[in-house]
Amino acid sequence: MDAIELVSPFDSHLHLRDSDALKTTAPLACETFAGAIVMPNLTPPIDSIEAAQDYKARILSFCQKPFEPIVAIYLTDTLKGEVLDLVKIVKLYPSGVTTGSENGVKNIDQYDRLFAAMQEAGTILSVHGETNDFVLDREARFATIYESLAKRFPRLKIIMEHISSAALAKLLDRYENLFATITLHHLLYTLDDLLGSKLNPHLFCKPIVKTPADRAALRRLAFGAHSKVSFGSDSAPHIRSAKERFGAAGIFSAPVLLPKLVELFEENSALDYLQSFVSDNAQKIYDIKLPRKTISLIKKPFVVQEDINGFIPMCAKETIRWSIR
Ligand code: NCD
Ligand code: ZN
């Protein structure tokens, strides 16, 4: 096959940042995706409906093509049960586990009433599932928290964001109300790529890429488009000096997402499942209807730029076998 069409690709986990960065991130998103769930970890965080509406308007002001940003609300104690009918998705960051989690949750038990209200309102809970344990164990240690939430709020839809470990992959079929997103970088890379030879700060993110066995577990889910999993890039740009001098966590994958996904799924004889993974599953999980937007890709090499407005993309200077027509 040397051409493929993807209908209404959707990114279930995207960081667009704000202000000047939107000039770079918003056009990239609306060129190739019909919509995205946009993460609220700005400074200050997007923690109210009003802030989310304003942010959405700022995003759309940089979009030349139709695009549906669904801005998640950052969970803080200012969020009240009464407004949940108007909220599609709430993002829980445990305090201190990642970029922009300073305002995150310190004591998760404090939110039981809110979770009960979310369950009634049909609001989705999106979770950055990591503890503050040893770096390779952080995600697996969060499994008990996911299990406790899933059991106590059986009608609350819980999204385990950017799962990176076999430990969490296993939970999916055990609880009806647990879902997951998977990134491109966790499908592609392991610790060897990050630090096996020379340290590559541009592959550093939370949760950290892990072992070949972990990657294999994620690949099994993605390459069969498991119905409880959707693609969420977690593209999270930081300017070059923040990455290279200060070691900020976050991978800027937005410039390569669809070509690289097609390349990877083709290599693994999984192209038949890509449409479900990048759009259909998400439309069902999040109960959204996307405007129809067809993206055509052709088998023609594309060399990834070295630098895009001061941000270094994932796969910089590499050649990808597929490009967007
Ligand atoms: C994200 C960021 O930079 O905002 N970083 C990351 O390493 N993934 C935050 C997040 O999703 O954890
Ligand atoms: Zn993220």
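The values are calculated or read from the model by the stated rules, or taken from the named source; none is laboratory data. A quick note: this is a predicted structure, and the numbers were derived from the prediction, not measured. Cβ: placed from backbone, ideal geometry, glycine included. Neighbour counts: every protein chain shown.
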Cross-chain or 6+ apart pairs with Cβ under 7 Å, the range 138-151 first and outside any helix (DSSP H, G or I), then surrounded by 14 or more Cβ atoms within 10 Å (Cβ to Cβ): Phe142/Gly129; Phe142/Glu130; Phe142/Thr131
Looking at the range 234-250, which of its residues are of a type in the set (Gly, Ala, Ser) and more than 16 Å from ligand 2 (Cβ to nearest atom)? Ser241, Gly247
One residue from Asp112, Asp54 being within 19 Å of Ile158 (Cβ to Cβ), at pLDDT 95 or above and acidic (Asp, Glu): Asp112
Might you check whether a residue that is at pLDDT below 95, surrounded by fewer than 18 Cβ atoms within 10 Å (Cβ to Cβ) and of a type in the set (Lys, Arg) occurs anywhere in the range 198-207? no
Exactly one of (1) of a type in the set (Lys, Arg); (2) in contact (Cβ under 8 Å) with a residue 60 or more places away in the chain; (3) away from ligand 2 (no atom under 15 Å from the Cβ) is unmet by Lys106. Its number? (2)
How many of the residues making up the range 49-84 are closer than 18 Å to Ile124 by Cβ, of a type in the set (Val, Ile, Thr) and part of a loop (DSSP other than H, G, I, E, B)? 1
Name every residue in the range 305-321 that is surrounded by fewer than 18 Cβ atoms within 10 Å (Cβ to Cβ) and not small (Gly, Ala, Ser), in order of residue number. Gln305, Glu306, Asp307, Ile308, Asn309, Lys317, Glu318, Thr319, Arg321
Condition check: buried (at least 21 other Cβ atoms within 10 Å of the Cβ) and within 22 Å of the chain's Cα centre (by Cα). Does Val71 satisfy that? yes
Quickly run through the range 74-106 and pick out the residues that are in contact with a Ser or Thr (Cβ under 8 Å, 6 or more places away or on another chain) and polar (S, T, N, Q). Thr78, Ser95, Ser101, Asn103
Please verify whether Leu264 is part of a helix (DSSP H, G or I) and within 16 Å of ligand 1 (Cβ to nearest atom), treating the condition exactly as stated. no
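A quick yes/no check of all residues on (1) within 19 Å of the chain's Cα centre (by Cα); (2) away from ligand 2 (no atom under 15 Å from the Cβ); (3) under 19 Å from Leu258 (Cα atoms); (4) touching a residue at least 24 places away in the same chain (Cβ under 8 Å):
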site	(1), (2), (3), (4)
Glu161	yes, no, no, yes
Ala166	yes, yes, no, yes
Leu171	yes, yes, no, yes
Tyr175	no, yes, no, yes
Leu178	yes, yes, no, yes
Leu187	yes, yes, yes, yes
Thr190	yes, yes, no, yes
Asn200	no, yes, no, no
Phe204	yes, no, no, yes
Among the listed residues Glu176, Glu120, Glu130, identify the single one that is modelled with pLDDT of 95 or more, surrounded by fewer than 22 Cβ atoms within 10 Å (Cβ to Cβ) and in a loop (DSSP other than H, G, I, E, B). Glu176
Name every residue in the range 289-307 that is over 18 Å from Ala3 (Cβ atoms) and either touching a strand residue (DSSP E or B) at 6+ places or on another chain (Cβ under 7 Å) or modelled with pLDDT under 95 (or both), in order of residue number. Lys289, Leu290, Pro291, Arg292, Val303, Val304
Filter result (surrounded by 12 or more Cβ atoms within 10 Å (Cβ to Cβ) and touching a residue at least 60 places away in the same chain (Cβ under 8 Å)) within the range 279-295: Ser279, Ala282, Gln283, Ile285, Tyr286, Ile288, Leu290, Lys293, Ile295
State whether the residues of the range 138-145 include one that is within 19 Å of Val229 (Cα to Cα) and in contact with a Lys or Arg (Cβ under 9 Å, 6 or more places away or on another chain). yes
